Amino acid sequence: MRLFYNKDLLKDDSRLIIEREESRHIVKVLRKKVGDTVYITNGKGILFTTKIDIINKNSTELKIINRKQEPKSKFHVNIAVAPTKNNDRIEWFVEKSTEIGINSISTVLCEKSERKKVKTERLEKITISAMKQSLQLHKPIIEELVSFKEFTGNCKSDNKYIAHCKESEKLILNDCKFKAKTITVLIGPEGGFSDNEIDLAEKNGFISVSLGNNRLRTETAAIVATQILSAYNADI
């Protein structure tokens, strides 16, 4: 099955017009014809089954024949990560975490962050592409970059963790028992969190955790945390 995405598609819609680029892809690349089936999601958990009704020069008109709502995940998984110096690495994390099934990604500016800006539009495009490729019906939310202080002070998750390498008493994330419905894990930049940031996070209710014995790159640590939490969503 090939999945398409249209954020404006509503549950009760009966028809949809696909414009230019995607229309060309459907007709010219996939060689779809009138009467063929096209699957579309709005990124909000609904799978629309449609039939091609009319093919125009610059658009394709679809008739919606069925819609199926996929239930939300058991836990809302949010990874808050400091953008990496190499932009390709944070983009790789966004792509792979979407494939795994993350719910939202927050980007956080830390004291030791080497990258001070994030191209949210670019990350959105990567998320949509990965969502379609992996047949995900819920599009992850990409949050705008905020300061560490602002993020930790405003985070509303029921379960809040900060993963760091500082020698201190920490829980193992894989051993934590998640009972509430929202979970956030903070992942630091290449240089790690400062002592002040760890103290501030703990004062704001974040629990210090370890992801294992090995020292991991930022994007690797973020993927490991995503996979651990996704296991709970899958009831593994």
Q: Could you check region 13-97 for strands (runs of 3 or more DSSP E) lying wholly inside it with 1 or more residues that are over 30 Å from Leu229 (Cα atoms) and not small (Gly, Ala, Ser)?
A: 15-19, 37-41, 46-55, 59-69
Q: Using the structure shown, decide if Ser168 is exposed (fewer than 13 other Cβ atoms within 10 Å of the Cβ), not hydrophobic (A, V, I, L, M, F, W, C) and not in a strand (DSSP E or B).
A: yes
Q.
Pull out all pairs, ordered by first then second residue, where Cβ-Cβ is under 6 Å, the residues are six or more apart or on different chains, the first lies in region 172-199 and is closer than 23 Å to Asn87 by Cα, and the second is loosely packed, with under 12 Cβ neighbours inside 10 Å and of a type outside the set (Val, Ile, Thr).
A. none
**Q.** Considering residues of region 159-213 that are within 20 Å of Lys74 (Cα to Cα) and among the polar types (S, T, N, Q) only, the residue modelled with the highest pLDDT
**A.** Thr184
Q: Residue by residue through region 205-236, note down the ones that are assigned to a loop (DSSP other than H, G, I, E, B) and not basic (Lys, Arg).
A: Gly205, Phe206, Leu211, Gly212, Asn213, Asn214, Leu216, Ala234, Asp235, Ile236
Q. Taking the condition touching a Phe, Trp or Tyr at 6+ places or on another chain (Cβ under 8 Å), in contact (Cβ under 8 Å) with a residue 12 or more places away in the chain and basic (Lys, Arg), does Arg2 pass?
A. yes
Q: Tally the residues that are over 16 Å from Glu202 (Cβ atoms) and surrounded by 14 or more Cβ atoms within 10 Å (Cβ to Cβ), restricting the search to region 171-185.
A: 4
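This table checks each residue for (1) over 9 Å from the mean Cα position of the chain (by Cα); (2) free of Cβ contacts under 8 Å to residues at least 40 places away in the same chain; (3) surrounded by fewer than 18 Cβ atoms within 10 Å (Cβ to Cβ).
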{"position": "Ala82", "(1), (2), (3)": "yes, no, no"}
{"position": "Asp88", "(1), (2), (3)": "yes, yes, yes"}
{"position": "Glu99", "(1), (2), (3)": "no, yes, yes"}
{"position": "Ile102", "(1), (2), (3)": "no, no, no"}
{"position": "Lys112", "(1), (2), (3)": "yes, no, yes"}
{"position": "Lys117", "(1), (2), (3)": "yes, yes, yes"}
{"position": "Lys125", "(1), (2), (3)": "yes, yes, yes"}
Q. Is there a residue in region 214-223 that is free of Cβ contacts under 8 Å to residues at least 24 places away in the same chain, among the aliphatic types (A, V, I, L, M) and in the same structural domain as Leu145 (by TED's automatic domain parsing)?
A. yes
Q) What are the residues in region 1-12 that are touching a strand residue (DSSP E or B) at 6+ places or on another chain (Cβ under 8 Å), aliphatic (A, V, I, L, M) and not in a strand (DSSP E or B), if any? A) Met1, Leu9
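The values are calculated or read from the model by the stated rules, or taken from the named source; none is laboratory data. Keep in mind it's a predicted model, so treat the numbers as computed, not measured. No Cβ is skipped: glycine too gets one built from the backbone with ideal geometry, and neighbour counts run over all protein chains shown.
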